[in-house]
2 protein chains.
Amino acid sequence: MLNQLHHTAEDMIRHNGGRATAGRIGILAILLAEQQAITHREIEQRLPQEQQLDRVTLYRALEWLAEKNLIHKVTSDDRAWRYHANRDVQSHQHAHFKCTCCAQVICLDKLPVERNWPLPAGYRLQEIELTVKGLCANCC
Amino acid sequence: MLNQLHHTAEDMIRHNGGRATAGRIGILAILLAEQQAITHREIEQRLPQEQQLDRVTLYRALEWLAEKNLIHKVTSDDRAWRYHANRDVQSHQHAHFKCTCCAQVICLDKLPVERNWPLPAGYRLQEIELTVKGLCANCC
DNA sequence: CAAATAAATGCAACAATGTTGTGATTATTG
DNA sequence: CAATAATCACAACATTGTTGCATTTATTTG
Ligand SMILES: [Mn+2]
Ligand SMILES: [Mn+2]
Ligand SMILES: [Zn+2]
Ligand SMILES: [Zn+2]
C-alpha cells in the first residue's frame, strides 16, 4: 500500500525529469497518502527514522515538487506553509478549510467565486486565495 | 491634518478605556492616515525619529488596538501581518487585494461569497478569508 | 561495469517575524 | 502630589524559512 505509493511517487518524479532520490520519493509518498495539507514539520515526523532528511533538503525537495506541479503549497495564518499532493481536482484553483481549533487544513473542491472580481481601475486579477475558517467535525 | 488624526486617534483610544500614550496615538494616527494595510516594519518607519518605539511595544500596542476593534490584521503569504484602521466599511468582513509585484495590500469593499459554503458534514463555518492576488495599477 | 558529471544533499550561518518574562517608567486617579 | 495599575524597554528566546558552499550520489556515457 505505502509501497504502491512509493512506486507512484517515483514515476511522477521521473516523468518530470528529476532524480528519483529516496528523499523526494519518501516525501511525495507521504503527501500522496495524506488527506490533509500538512506542514514541513509534520512531513519530517512522518519520515521513517532511518531516512531523516536535513531541514534544508526537505525545503528544497518541496520547492522542486511544487515547481513541477506535483504538489501545491497552502498559505495559512500561522506563518507555516502546508503541502498537499496534486490530485486531478486540485490541479486547478480551489479553496481551503482550516480548523481554528486543531489547525488541520483540507482542500475543498470548488472555488465558487466569480472570476471577474470588481477591482479598482487598472488592477489586474491573477489568482484568488480563499480560506474558510471554522471547526472541523472532530472539534465541533 | 495629521494633528487632526492624532486627536481622533486619542479619542478612539480613550473611548475604549485605554491609556492614551504617545505610542498608541502615533500608531493609530498612522494607520488612520494610510490607505493600505501596512506591516509592523512600515509603521515603525513612519514613526517620527523622536518617538521610536521598541519592537515589542509596537507589537503589543497593535495587539491592543486589534482587540478593541480599532484596527484589523490581515494575513499574507509573506508571513507578515498587515494592519489597517477600521473604517465603517471595514468593520464587517471584507476581502483583500495583494499586488504580487510591490506587495501592497488594500481592503476591498465587499465579500461576494455565499455564507452557506458547501463544507463536509459536521464542519462549521466561522469566517471566510479571501485574498485576491494580482497587479496593482502602478505595477501593471 | 567504471568513470564522468550534473544534480542533490548536509551543514553552518543567517534572516525575518513574532513572543515571553521582568524590572523600570508613566498615565491616570483622587 | 502620591499611589497604583497599566504600559514600556530590554534581553532572551522561538519558529519558519533562506543562502553559500563543500561533499555525496544518481544518472549518463563509453
Ligand atoms: Mn489545496
Ligand atoms: Mn482589511
Ligand atoms: Zn479541528
Ligand atoms: Zn503593485
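The values are calculated or read from the model by the stated rules, or taken from the named source; none is laboratory data. Bear in mind that the values here come from a model prediction, so they are computed numbers and not experimental data. When we count neighbours, we look across all protein chains shown, and the Cβ atoms used for this are built from the backbone with ideal geometry, even at glycine. Surface accessibility is based on the protein's heavy atoms, side chains included, excluding ligands, DNA and RNA. Shrake-Rupley method; radii C 1.70, N 1.55, O 1.52, S 1.80 Å.
So which of A:LYS133/B:LYS68; A:LYS110/A:LYS133; B:LYS110/B:LYS133 end up more than 19 Å apart, counting from Cα to Cα? Walk me through the numbers on the way to the answer.
Details: A:LYS133/B:LYS68 22 Å; A:LYS110/A:LYS133 16 Å; B:LYS110/B:LYS133 16 Å.
Going by Cα-Cα distance, A:LYS133/B:LYS68 fall outside the 19 Å limit.
Around A:LEU53, under 12 Å between beta carbons, what's the net of Lys plus Arg minus Asp minus Glu among the other residues? Cβ neighbours under 12 Å give a net charge of +1.
Charge tally around B:CYS140: other residues with Cβ under 14 Å, Lys/Arg +1 each, Asp/Glu -1 each, net +2. Place a label point 7 angstrom from the Cα of A:GLN35 along the Cα-to-Cβ direction, then list the residues of the range A:99-130 whose backbone nitrogen is under 12 Å away. Label zone hits: A:105-107. Please determine, in degrees from 0 to 90 and to the nearest 10, the orientation of helix A:55-67 with respect to the longest principal axis defined by the Cα atoms of chain A, where the helix direction is its Cα long axis. So the helix axis and the longest Cα principal axis differ by about 60 degrees.
Counting every C-alpha pair in the range B:2-134, the share spaced more than 19 angstrom apart comes to 53%.
Helix B:2-15 versus the longest principal axis of chain B: what angle, 0 to 90°, nearest 10, using Cα atoms? Here the helix axis deviates by roughly 70 degrees.
Suppose a student asked you for the relative contact order of the range B:2-134, using Cα pairs under 8 Å spaced at least 6 residues apart; what percent would you report?
Working: 156 pairs, mean separation 26.7, N = 133.
For the range B:2-134, the relative contact order is 20 percent.
Alpha-carbon geometry of the protein assembly as shown: the Rg and the Dmax are 21.8, 68 Å, given in that order.
Rank A:ARG82, B:ARG24 by accessible area, highest first, at a 1.4 Å probe radius?
Values: A:ARG82 15, B:ARG24 50 Å².
The ordering from most to least exposed comes out as B:ARG24, A:ARG82.
For chains A and B, what's the summed buried accessible area, probe 1.4 Å, to the nearest 100 square angstrom? What A and B bury together is about 3200 Å². Rolling a 1.4 Å probe over the protein heavy atoms gives the protein assembly as shown an accessible area of 55 Å² per residue. Peptide B:92-102 shows a mean partner chain C-beta count of 2 within 10 Å per residue C-beta.
What FRET efficiency would be calculated for the residue pair A:LEU111, B:ALA20, taking the C-beta separation as r and a Förster radius of 35 Å, to the nearest 0.05? The pair A:LEU111/B:ALA20 has a calculated efficiency of 0.20. Can you give the FRET efficiency for B:GLN45 and A:ALA80, using 1/(1 + (r/R0)^6), R0 = 22 Å, r = Cβ-Cβ distance, to the nearest 0.05? My answer for the efficiency is 0.25.
Out of all DSSP beta bridges with both ends in the range A:2-134, state the antiparallel percent to the nearest 5.
Percent antiparallel among DSSP bridges in the range A:2-134 is about 70.
For B:THR8, the point set 7 Å out from Cα toward Cβ sits 5.6 nm from its twins in the other copies, listed from shortest up. Who wins for biggest fluctuation among A:GLN104, A:GLN45, A:GLN126 in a Gaussian network model of chain A, springs between alpha carbons below 10 Å? The residue with the greatest mean-square fluctuation here is A:GLN126. Approximating the spin labels as points 7 Å out from Cα along Cα→Cβ, the B:HIS94-to-B:VAL56 distance works out to 3.4 nm.
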